[in-house]
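The values are calculated or read from the model by the stated rules, or taken from the named source; none is laboratory data. Computed from a prediction, not measured in an experiment: that's the story for all the values here. Quick reminder, even Gly has a Cβ in these numbers, built from the backbone with ideal geometry, and neighbours come from all protein chains shown. With ligands, DNA and RNA removed, areas are computed over all heavy atoms of the protein, side chains included. Shrake-Rupley method; radii C 1.70, N 1.55, O 1.52, S 1.80 Å.
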Amino acid sequence: WVCAYANNQHQLGADITADPKESAFFKAMQLCEGVVVVLDRGAVVFTRIWCGFEQATAVRHAKLLLDFATVHGGMAHLLTERFAYENEGRQRKAARERGFPLELMQKGYTLDITKAEASREKDKRHILNGIDGKDLEAEPDLASSIFNRINVALRSRLAEAGILRSAEAGRLDTAV
């Protein structure tokens with residue numbers, strides 16, 4: 001899944017529909033096996049509503065894998081939901097994920113899809129209501145249990161890898 005290819009980057013307004021589930025973005029995701037969330041140094045994807053929609057879609061649809069990638073110290077690092085390749089094994093997976101920056105995982109522990117930002121406020125309203133199955137134009141119910149379930153699912157994916165890293169770093173108190 002590569003978001004940049006789902007929408008015409010020169011005419012985003014034409015591809016962004018009022019209902020996010022009618023967008024080319026969402027339809028393309030339905031044809032994918034998984035999502036790779038690419039994190040920058042600031043983990044901005046945890047604060048943007050369209051990124052939140054992508055991640056929420058992945059955790060709500062069991063068929064979509066959700067992996068995280070970043071570059072740190074000049075090297076690529078990857079957290080995978082499952083094994084990255086056949087016959088990898090748990091110890092190899094843990095060793096491979098060991099280099100993923102703990103500070104990026106920790107930023108994900110506090111993500112809250114209801115607090116994500118949007119360039120257009122109506123996009124945020126439409127996305128939150130679309131996730132919650134409500135009227136797109138209504139005021140979103142930020143206390144809806146669906147948002148809590150999504151936040152917990154996303155935080156858990158990061159915490160699973162982070163608990164080992166935190167214990168090794170002697171910072172277990174910051175793992176969750």
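Observations, loosely collected:
- Looking only at the stretch 157-169, and only at residues there that are part of a helix (DSSP H, G or I) and open to solvent by less than 60 Å² (accessible area, probe 1.4 Å), the one that is farthest from E54 (Cα to Cα): A167
- Within the stretch 114-133, the set of residues being open to solvent by 10 Å² or more (accessible area, probe 1.4 Å), polar (S, T, N, Q) and assigned to a helix (DSSP H, G or I) comprises T114 only.
- Matching residues, the stretch 90-109, being charged (D, E, K, R) and within 21 Å of G42 (Cβ to Cβ): E97, E103, K107
- In the condition set (1) farther than 22 Å from A169 by Cα; (2) surrounded by fewer than 19 Cβ atoms within 10 Å (Cβ to Cβ); (3) of a type outside the set (S, T, N, Q), F46 is compliant with all but (2).
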